[in-house]
Structure formats: structure tokens, C-alpha cells
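Since the structure comes first, as C-alpha cells, the remarks are kept for the end.
The values are calculated or read from the model by the stated rules, or taken from the named source; none is laboratory data. Quantities reported herein were computed from a predicted structural model and do not represent experimental measurements. No Cβ is skipped: glycine too gets one built from the backbone with ideal geometry, and neighbour counts run over all protein chains shown.
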Amino acid sequence: MDVTNEPTPDATSGKPSQPSDAPRAERNKTASRRWIEESVGEGDLVAQMIHFEGTHTGDFQGLPPTHRRVTFSGLELNRFVDGRVAEHWVQLDSLALLKQLGLVVVPGPRLLPRILAHQLTKLRKRR
């Protein structure tokens with residue numbers, strides 16, 4: 001996913017902003033803070049809802065660019081020790097992303113019984 005050309009809302013005005021002359025690291029940190037919302041924490045854990053929007057303009061896991069707009073959300077959980085992230089977990093709505101990219105195939109009425117029969121056969125063999 002290449003979302004670097006997507007305007008992101010300015011934290012103070014809510015209006016889209018464009019890349020500035022600030023050093024790249026500072027721009028990256030500022031952009032990162034914009035897609036993380038609703039931080040809550042207790043003890044050494046901090047949870048954050050995250051939201052991504054963009055246009056698929058670069059290779060993504062072997063898929064050439066589709067130029068489709070995508071939007072998906074997730075949850076990030078960080079455990080801190082001495083002010084630093086010691087553990088990091090992320091759960092993204094990958095199914096929503098894959099559907100938007102046209103990569104999800106849902107079994108039709110002819111295929112579904114075969115899949116279920118195969119799974120039942122595997123379960124019976126385990127006994």
C-alpha cells in the first residue's frame with residue numbers, strides 16, 4: 001500500500017495537509033499520530049483504535065496496483081516498561097481490506113458442501 005500521496009487531516013484544523021519541508025522523520029511521526037484515535041490505558045497497557053485509508057498504488061503482497069480506494073480499521077495494544085514499548089500487538093480487519101482489493105473468494109453453493117465434507121472426513125480420521 002502506498003498512501004504517502006494521500007492528504008491527511010491537520011490535527012488542529014481538520015483540513016487536509018500536504019507534505020512540508022520538515023525532515024522526513026518528523027513528517028512520518030506526525031502522519032502516524034493522525035491515524036491513531038481514542039487511546040486508552042491502564043497500568044502498563046495502552047490500547048488504540050487505528051484507521052487506514054488510501055489508494056492501492058504499489059505492489060501489495062505480490063498483488064500489482066489496482067488503484068482501488070481502501071479503508072479498514074484495527075486495534076493496537078502496547079505494553080510499556082520504563083517508558084518504552086516492550087510488547088506490541090495489532091489486529092487489523094484484513095478481510096475488509098482483501099475484499100476491497102478483490103482478493104476474497106467466497107465458496108459458492110456447489111463448493112461449500114465439498115469443503116464441509118472434506119473437513120468432516122479429516123475430523124473422523126482423527127478419532
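The table below gives the values:
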item: Residues of segment 52-73 satisfying the condition of being at pLDDT below 90 and loosely packed, with under 13 Cβ neighbours inside 10 Å; result: Asp59, Gln61, Gly62, Pro64
item: Residue in segment 105-121 that is part of a strand (DSSP E or B) and without any contact (Cβ under 8 Å) to a residue 60 or more places away in the chain present; result: no
item: Test: Leu97 is part of a helix (DSSP H, G or I), within 15 Å of the chain's Cα centre (by Cα) and in contact (Cβ under 8 Å) with a residue 12 or more places away in the chain; result: yes
item: First in segment 56-70 and closer than 7 Å to Leu101 by Cβ and touching a residue at least 24 places away in the same chain (Cβ under 8 Å), second anywhere and hydroxyl-bearing (Ser, Thr, Tyr) and part of a loop (DSSP other than H, G, I, E, B), Cβ under 7 Å, 6 or more apart; result: His56/Thr66
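The rows are residues; the columns are (1) modelled with pLDDT of 85 or more; (2) surrounded by 11 or more Cβ atoms within 10 Å (Cβ to Cβ).
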residue	(1), (2)
Glu87	yes, yes
Leu92	yes, yes
Leu98	yes, yes
Pro107	no, yes
Ala117	yes, no
Arg124	yes, no
